[in-house]
1. For segment 117-163, which positions are part of a loop (DSSP other than H, G, I, E, B) and under 17 Å from residue 17 (Cα atoms)?
2. Within the bounds of segment 115-128, is there any residue that is open to solvent by 40 Å² or more (accessible area, probe 1.4 Å), touching a residue at least 24 places away in the same chain (Cβ under 8 Å) and in contact with a Lys or Arg (Cβ under 6 Å, 6 or more places away or on another chain)?
3. Give the residues of segment 40-83 that are small (Gly, Ala, Ser) and surrounded by 12 or more Cβ atoms within 10 Å (Cβ to Cβ), sorted by residue number.
4. Quick one: which of 145, 82, 75 is at pLDDT 90 or above and of a type outside the set (A, V, I, L, M)?
5. If we scan segment 16-34, do we find a residue that is assigned to a helix (DSSP H, G or I), loosely packed, with under 12 Cβ neighbours inside 10 Å, in contact with a strand residue (DSSP E or B) (Cβ under 7 Å, 6 or more places away or on another chain) and of a type outside the set (A, V, I, L, M)?
6. Do the conditions hold for residue 149, that is, is it more than 28 Å from residue 13 (Cα to Cα), surrounded by 11 or more Cβ atoms within 10 Å (Cβ to Cβ) and without any contact (Cβ under 8 Å) to a residue 40 or more places away in the chain?
7. Can you tell me which of 32, 39, 43, 22 is of a type in the set (A, V, I, L, M) and closer than 15 Å to residue 155 by Cβ?
8. May I ask you to say which residue of 91, 86, 111 is under 26 Å from residue 160 (Cβ atoms), in a helix (DSSP H, G or I), open to solvent by 30 Å² or more (accessible area, probe 1.4 Å) and touching a Lys or Arg at 6+ places or on another chain (Cβ under 9 Å)?
Amino acid sequence: MTELECILEGILFAAGEPVACAKLMQVLNVPADVLSSTAKRLAQRYDEEQRGIMLVRLDDRYQLCSRPQYADYIRAALETRRTPTLSNAALEVLAIVAYRQPVTRAFIEQLRGVDSSNTVLSLVDKGLIEGCGRLDVPGRPMLYRTTPAFLRTFSLTDLTQLPSLPELGEAEQLTLDTETEEDTNG
């Protein structure tokens, strides 16, 4: 391993959480392309040696993580309980935030048709979404976006890896158009 790879490994190991590329470039005194190639070499080394850890890129951050196939052993050794699965309501809210961010709770509720305040708070508590400012309208509602923990949880490097949304069918589009016209006319 090169000295730069060793330093990067040491920083990411000690951090225990994602570290911003900008911070790594500053500390290592290297440009983005050098950081990227160094991280790729390190990740390849972990893969080739089939190590228990892997280097992942999460949007504009890097992190060392354990390999998913060893999760049961790690959980047993550390006596941690399995992460609870997310409810359908939580998955719906996450999808809305991921695809339409930043969004307000009112927007989420409008799309879902039900009160979503508890679900939004639960996702904030789990660290999957976060407040990212306020909308400049009366009442100044909070805006929400996904977090690096969301990317890590769903094994995504960035939001561009989300599956594309299906196009609305002609009948669905017609229904939406009709509802919009009725709203404005009546």
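1. Selection gives 126, 127, 128, 147, 154, 155, 156, 157, 158.
2. no
3. Hits for segment 40-83 are 43, 52, 66, 71.
4. Selected residue: 145, the only one of 145, 82, 75 that is at pLDDT 90 or above and of a type outside the set (A, V, I, L, M).
5. Within segment 16-34, not a single residue is assigned to a helix (DSSP H, G or I), loosely packed, with under 12 Cβ neighbours inside 10 Å, in contact with a strand residue (DSSP E or B) (Cβ under 7 Å, 6 or more places away or on another chain) and of a type outside the set (A, V, I, L, M).
6. no
7. When all the criteria are applied, what remains is 43.
8. 111
The values are calculated or read from the model by the stated rules, or taken from the named source; none is laboratory data. Because the structure is a prediction, the values reported are computed rather than measured. We place every Cβ from the backbone using ideal geometry, glycine too, and count neighbours over all the protein chains shown. Areas reflect the complete protein model, heavy atoms only, side chains present, ligands, DNA and RNA absent. Shrake-Rupley method; radii C 1.70, N 1.55, O 1.52, S 1.80 Å.
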